[in-house]
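Input: a single structure, listed below in structure tokens.
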Amino acid sequence: MNNHPPEDAIRCDACPVLCYIKPGRTGACDRYGNHDGQLVRLDPHVVLDRVVSRGESVVPFLQRDNEWDGNVVGGPKTFVTAIGAGTTYPDYKPAPFIISSQVEGVDMVTVVTEGIFSYCGVKVKIDTDRHLGPETNLVRAQGEAVGHVTTSEYGSQMLSLGGVRHLTGGSRREGTVTCETLLELCNGKAVELEVDEGAKVVVQAGKGPVVDGQPEVQMRVGCGSATIGMFAKQWFGKVDDVVVVDDHITGVLSEHQAGKLLGISATGIKLKGRRSTPGRYFQVAEPGTGWGGTNISKPLSILRDFNAKVAWRGLRLLMVSTTGEHFAYFELDEELRPVEKELPAALSESVARIKENCEPALCTVMFMAGAGGSLRAGVTENPVRLTHSVRDALTRVTCGGAPVYVWPGGGITFMVDVSRMPENAFGYVPTPALVAPIEFTLKLADYATLGGYVEQVRSLESLMSEGRRHLSAREENPWPLGASARRGSK
Ligand code: SF4
């Protein structure tokens with residue numbers, strides 16, 4: 001067996017896979033190719049052009065096919081991202097581009113590199129009350145475990161996907177599927193996930209989730225108790241009692257402090273579940289995809305018999321979910337049993353108001369990664385100084401020009417909303433790991449102090465002459481070369 005690579009193949013050393021690539025072919029990740037004997041990064045390198053007029057309507061990241069026209073020379077109106085820039089692997093090499101600029105008369109540098117992240121994942125916020133699955137249960141893609149359900153937030157279910165254990169600690173297929181899933185989500189694609197003992201959910205950054213085939217349109221207005229507080233005045237005088245059904249905290253108007261302050265009389269209503277404080281009940285049903293994130297489809301199933309000493313014939317009761325999507329109106333008969341009737345017009349307004357106050361349900365995908373020891377070595381010969389510089393807010397970190405949140409504590413662990421990044425900013429390598437752009441912007445003087453590769457600094461003009469893909473910066477993002485970059489800002 002001949003283990004020698006073909007003579008005309010060249011070796012890509014941009015990641016540990018070290019592909020041999022024959023002429024006209026690409027490597028295993030499709031990011032590098034052999035073009036006439038030259039190793040080339042196949043995706044175009046992206047630079048952002050600042051939107052000059054803030055009032056100007058710009059299609060985000062509209063691709064321009066123009067080469068640099070010479071109008072933007074070394075000024076802060078062009079920002080060089082790391083998308084398509086290449087990497088520093090095997091890490092002692094300086095970052096592919098270290099670009100000088102001037103911000104308000106101060107010399108700055110932006111160090112750009114595509115990071116290869118084995119320690120990375122996404123946190124997904126899914127705006128829905130529908131129960132996706134028990135906390136800590138596995139989340140699967142293509143049948144493979146790619147993450148787990150984590151703690152719910154206000155009106156949203158949270159998933160934690162990826163991470164080094166799923167990428168490297170399981171079977172080869174688990175790692176590959178995890179990497180694929182992260183890549184799709186980070187690049188704004190839709191992914192179907194399934195929670196053990198839970199729901200199937202289609203997730204796409206910036207779009208509404210689809211839970212068990214049902215598109216989620218609105219997120220809830222608040223928990224059941226908050227809903228009572230918000231709308232108590234609008235119900236006063238129009239109905240005798242209201243139950244807002246919610247998997248977490250179901251609210252009852254007549255017992256709630258809001259009802260008491262309005263002088264609403266006791267109605268003798270009794271709920272199942274555990275009473276927390278007056279008018280606030282936990283665990284009235286099991287979690288599910290029915291009313292208010294519970295498993296119920298018949299609201300009366302959470303009520304016990306009314307107290308005959310307090311309730312009265314004709315008592316008017318509204319039951320409604322936290323989105324206003326489900327509602328029913330009842331009046332008690334002579335046996336004090338609720339009988340469903342048509343919702344009176346005066347109450348339909350309040351149900352409509354609940355709906356009106358619900359925000360659109362979206363999925364948010366936050367990429368989270370650690371810019372660890374190796375990546376930092378491409379920025380400075382003394383990597384810990386970069387960490388200190390980031391922590392001291394002397395160095396601004398961006399991902400494809402988008403702002404990031406850097407976690408306090410050790411290392412450079414950051415999060416970025418993928419919806420604020422240019423499309424298809426992420427890649428992968430089959431180790432498996434995700435490839436994500438990361439840029440460090442700081443004063444040139446500070447860069448020299450922390451042991452940066454100052455001899456590698458080049459001007460923006462020299463880069464532009466080679467031709468890049470120009471995209472318009474997103475208006476909602478702070479300009480990476482704005483004044484705060486000069487001062488230093490996280
Ligand atoms: S997987 Fe991609 S980056 Fe890694 S060596 Fe092969 S072509 Fe280069």
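The values are calculated or read from the model by the stated rules, or taken from the named source; none is laboratory data. The structure displayed is predicted, hence computed values, not measured ones. Cβ sites come from the backbone with ideal geometry, for glycine too, and all protein chains shown count toward neighbours. To get the accessible areas, we keep the full protein, side chains included, count just its heavy atoms, and leave off ligands, DNA and RNA. Shrake-Rupley method; radii C 1.70, N 1.55, O 1.52, S 1.80 Å.
What to note about this one:
- Model label points for Glu334 and Leu18, set 7 angstrom from Cα along the Cα-to-Cβ axis, are 9.2 nm apart.
- Figure note: Lys260, Lys309, Lys443 ranked by solvent-accessible area, largest first, 1.4 Å probe, ligands and nucleic acids not counted: Lys309, Lys260, Lys443.
- Only one residue of Pro338, Gly427, His45 has its Cα farthest out toward the positive end of the dipole of the chain, where Lys and Arg carry +1 and Asp and Glu -1 on Cβ, and that residue is Pro338.
- Surface composition of segment 330-399: carbon and sulfur atoms hold 47% of the protein heavy-atom accessible area at a 1.4 Å probe.
- When nucleic acids and ligands are ignored and a 1.4 Å probe is applied, Arg385 ends up with an accessible area of around 110 Å².
- Estimated vicinal HN-Hα couplings, Hz - segment 166-172 in sequence order (Karplus 6.51, -1.76, 1.60; Gly, Pro = x): 6, 6, 10, x, x, 6, 4
- Segment 303-317 and segment 444-468 have Cα centres separated by 77 Å.
- Note on segment 250-373: along the principal axes its Cα atoms extend 74, 31, 30 Å, ordered by decreasing extent.
- Taking amide H as placed 1.01 Å from N in the peptide plane, the amide H of Tyr428 sits under 5 Å from that of Val435, each at least 5 places away or on another chain.
- Counting only alpha carbon atoms, the long axis of helix 345-356 and the longest principal axis of the chain meet at about 20°.
- ³J(HN,Hα), Karplus 6.51/-1.76/1.60, whole Hz, each residue of segment 415-430, x for Gly, Pro: 10, 9, 7, 5, 5, 8, 9, x, 5, 6, 7, 9, x, 8, 10, x
- One way to sum up the overall shape of segment 191-269 is the equivalent ellipsoid from its Cα gyration tensor, whose semi-axes run 35, 13, 9 Å, largest first.
- From helices alone, the chain scores -4500 deg cm²/dmol at 222 nm; the rule is -39500 (n - 2.57) for each run of n ≥ 4 DSSP H residues, then divide by the residue total.
- Based on Cα atoms of segment 142-253, Rg over Rh with Rh as the Kirkwood radius reads 1.14.
- Rg over Rh [alpha-carbon atoms, Kirkwood Rh] for segment 129-177: 1.03
- Computed over neighbours whose Cβ is under 12 Å from that of Gly27, the net charge equals +3, Lys and Arg +1, Asp and Glu -1.
- Largest first, the three principal axis extents of the alpha carbons in segment 380-444 are 30, 27, 24 Å in whole numbers.
- Accessible surface, the chain, averaged per residue in Å² (probe 1.4 Å): 45
- Listed cross-link partners Lys200/Lys298; Lys233/Lys272; Lys125/Lys207; Lys260/Lys341 are compared with a 21 Å cut-off, the Cα-Cα value being larger for Lys200/Lys298; Lys233/Lys272; Lys260/Lys341.
- When only the Cβ of Lys, Arg, Asp and Glu is charged (+1, +1, -1, -1), the dipole of the chain relative to its Cα centre reaches about 1060 debye.
- Rolling a 1.4 angstrom probe over segment 97-234 with all protein chains present gives an accessible area of which 49% lies on carbon and sulfur atoms.
- On the beta carbon distance between Val164 and Glu455, with R0 = 30 Å, the FRET formula returns roughly 0.30.
- Relative intensity of segment 346-490 on a log10 scale, I(q)/I(0) at q = 0.13, 0.19 Å⁻¹, equals -0.68, -1.31, per a Debye sum over C-alpha point scatterers of equal strength in the absence of solvent.
- Semi-axis lengths, largest first, of the ellipsoid equivalent to the chain are 55, 25, 19 Å, with √(5λ) applied to each eigenvalue of the Cα gyration tensor.
- Per-residue surface analysis assigns Ile269 an accessible area of about 10 Å², computed on protein heavy atoms at 1.4 Å probe radius.
- In the assembled protein chains, Asp8 presents an accessible area of approximately 90 Å² (probe radius 1.4 Å).
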